[in-house]
Amino acid sequence: MEEKLLGKVALITGAARGIGREYALRLAKLGADVVITDLDIKASKFKEEDVLAPTVKEEIEVLGRKSMAFEGDATDDEFGKMVIEEVIKEFGHIDILINNVGGTGGAGPALATEMETDKFVHALHINLLSAFIFCKYAGKQMKAQKSGKIINISSVGGSVPLFITQAHYSAGKAGVDALTRMFALELAPYGVNVNAVAPGYIHTVKWDAHFEEQFKELTEKVPMGRLGTTEDCAKVIEFLATDLSDYMTGQVLYIDGGLKTLNPSSSKVNLY
Ligand SMILES: NC(=O)c1ccc[n+]([C@@H]2O[C@H](COP(=O)([O-])OP(=O)(O)OC[C@H]3O[C@@H](n4cnc5c(N)ncnc54)[C@H](O)[C@@H]3O)[C@@H](O)[C@H]2O)c1
């Protein structure tokens with residue numbers, strides 16, 4: 001792989017497993033030093049197969065890059081501020097930010113009329129507030145250095161009511177799309193690109209643990225006839241993190257095998 005990102009510093013939130021880990025390894029292979037954050041840096045709940053080392057930080061180091069790992073809650077303003085300060089102290093700049101933290105935080109599936117308000121707010125925090133905090137502090141630095149790439153992780157669920165029990169998650173991701181455009185608008189004159197990707201159904205270790213029974217039904221909904229892989233997502237991240245996308249900002253790119261555009265109906269499957 002061509003080392004297009006040599007000398008660049010990337011920060012990825014929620015990268016101890018799943019799709020975030022794939023982003024971290026991809027950017028490291030492209031030459032970047034990669035800092036990660038997670039609530040659980042050791043990813044003790046779900047074990048990835050074929051790992052290069054016990055933690056993603058060590059995997060990045062095995063690939064010959066520098067890394068730092070910060071364990072903490074990405075919805076905590078103080079934590080976000082501290083992480084950006086430490087990255088700047090260590091490297092002097094931050095070139096790529098990927099706001100990957102997301103999900104429902106174990107809120108569970110519920111119809112909107114029956115959803116407990118604190119669970120709704122919790123999911124908004126995980127998906128939207130975390131992205132705001134990191135966009136704010138990293139964006140300030142990128143504005144000052146007059147360069148940078150921010151990539152927020154949205155979902156097809158942010159623009160299509162894919163699952164009837166996911167009002168909390170969908171509203172959070174719709175917010176991520178809006179936030180992407182607002183930061184893009186402010187930072188465009190400073191040479192900072194802010195875009196989002198919106199994955200569809202992506203097969204991860206967590207999916208193996210939770211949704212294996214639903215794979216067939218979900219797969220049938222995807223026009224391309226297969227679930228997405230973490231690598232499918234990382235390839236689009238490579239595009240948005242490198243100079244290939246220099247004249248793009250404020251966009252949401254769908255990585256979904258055609259789901260949103262070609263078959264956007266609600267699924268009968270209940271996820272989460
Ligand atoms: N898997 C999919 O099909 C899919 C589809 C669309 C969008 N997405 C989005 O992609 C991103 C990654 O998804 P994934 O499937 O790899 O999820 P995942 O749950 O496997 O990984 C998320 C990681 O974020 C961490 N995390 C969660 N809350 C956190 C917090 N408050 N602070 C710090 N870390 C926290 C978790 O510990 C975990 O390591 C999420 O934003 C998700 O919403 C995933």
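The values are calculated or read from the model by the stated rules, or taken from the named source; none is laboratory data. Everything numeric here is computed off the predicted structure, so don't read it as measured data. Note that each Cβ is placed from the backbone with ideal geometry, even for glycine, and that neighbours are counted across all protein chains shown.
Would the stretch 147-155 turn up any residue that is part of a helix (DSSP H, G or I) and either modelled with pLDDT of 95 or more or surrounded by fewer than 17 Cβ atoms within 10 Å (Cβ to Cβ) (or both)?
Scanning the stretch 147-155, I find no residue that is part of a helix (DSSP H, G or I) and either modelled with pLDDT of 95 or more or surrounded by fewer than 17 Cβ atoms within 10 Å (Cβ to Cβ) (or both), so the answer is no.
Any residue in the stretch 111-127 that is under 20 Å from residue 41 (Cα atoms), within 14 Å of the ligand (Cβ to nearest atom), exposed (fewer than 15 other Cβ atoms within 10 Å of the Cβ) and without any contact (Cβ under 8 Å) to a residue 60 or more places away in the chain?
no
Looking at residue 47, is it on the phi < 0 side of the Ramachandran plot, within 15 Å of the ligand (Cβ to nearest atom) and either part of a loop (DSSP other than H, G, I, E, B) or under 16 Å from the mean Cα position of the chain (by Cα) (or both)?
yes
Here are 97, 52, 124: which of them is part of a helix (DSSP H, G or I) and among the aliphatic types (A, V, I, L, M)?
On inspection, the qualifying residue turns out to be 124.
Being among the acidic types (Asp, Glu) and closer than 12 Å to residue 35 by Cα is the filter here, so list the residues in the stretch 58-109 that pass it.
Once the filter is applied, which keeps residues that are among the acidic types (Asp, Glu) and closer than 12 Å to residue 35 by Cα, the stretch 58-109 yields 58, 59, 61, 71, 86, 90, 95.
Would you point out the residue of the stretch 103-161, among those that are of a type in the set (D, E, K, R) and within 18 Å of the chain's Cα centre (by Cα), that is farthest from residue 9 (Cα to Cα)?
For the stretch 103-161, the residue satisfying everything is 136.
Return the residues of the stretch 198-216 that are at pLDDT 95 or above and among the aromatic types (Phe, Trp, Tyr); say none if nothing qualifies.
Of everything in the stretch 198-216, just one residue is at pLDDT 95 or above and among the aromatic types (Phe, Trp, Tyr), namely 201.
So, of the residues in the stretch 74-87 that are touching a helix residue (DSSP H, G or I) at 6+ places or on another chain (Cβ under 6 Å) and either without any contact (Cβ under 8 Å) to a residue 60 or more places away in the chain or farther than 13 Å from residue 141 by Cβ (or both), which turns out to be farthest from the ligand (Cβ to nearest atom)?
Looking at residues that are touching a helix residue (DSSP H, G or I) at 6+ places or on another chain (Cβ under 6 Å) and either without any contact (Cβ under 8 Å) to a residue 60 or more places away in the chain or farther than 13 Å from residue 141 by Cβ (or both), I get 81.
Can you tell me which of (1) within 17 Å of residue 248 (Cα to Cα); (2) part of a helix (DSSP H, G or I) is the one residue 131 doesn't meet?
(1)
Would a scan of the stretch 35-44 turn up a residue that is free of Cβ contacts under 8 Å to residues at least 24 places away in the same chain and more than 18 Å from residue 132 (Cα to Cα)?
Yes: one or more hits.
Return yes when residue 236 is modelled with pLDDT under 95 and either more than 11 Å from the ligand (Cβ to nearest atom) or in a strand (DSSP E or B) (or both) and no when it is not.
Criteria not met by residue 236.
Pairs please, first residue from the stretch 1-22 and in a helix (DSSP H, G or I), second anywhere and among the hydroxyl-bearing types (Ser, Thr, Tyr), Cβ atoms under 8 Å, 6+ apart in sequence or on different chains.
Note: pairs meeting the criteria are 18/204; 18/230; 19/204; 19/230; 20/13; 21/230; 22/230.
When you scan the stretch 229-266, how many residues do you find that are in contact with a helix residue (DSSP H, G or I) (Cβ under 9 Å, 6 or more places away or on another chain), at negative phi and not aromatic (Phe, Trp, Tyr)?
23
Among the numbered criteria (1) surrounded by fewer than 17 Cβ atoms within 10 Å (Cβ to Cβ); (2) in contact (Cβ under 8 Å) with a residue 12 or more places away in the chain, which one does residue 167 miss?
Failed condition: (1).
Which numbered condition trips up residue 37, out of (1) of a type in the set (S, T, N, Q); (2) at pLDDT below 95; (3) surrounded by 24 or more Cβ atoms within 10 Å (Cβ to Cβ)?
It fails just one condition, (2).
A quick yes/no check of all residues on (1) more than 27 Å from residue 45 (Cα to Cα); (2) more than 10 Å from the ligand (Cβ to nearest atom); (3) out of contact with any Phe, Trp or Tyr (no Cβ under 9 Å at 6 or more places or on another chain); (4) modelled with pLDDT of 95 or more:
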| site | (1), (2), (3), (4) |
| --- | --- |
| 137 | yes, yes, yes, yes |
| 145 | yes, yes, no, yes |
| 193 | yes, yes, no, yes |
| 218 | no, no, no, no |
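Is there any pair linking a residue in the stretch 199-220 that is charged (D, E, K, R) to one that is more than 7 Å from the ligand (Cβ to nearest atom), with Cβ under 6 Å and at least six apart or on different chains, and which?
217/269
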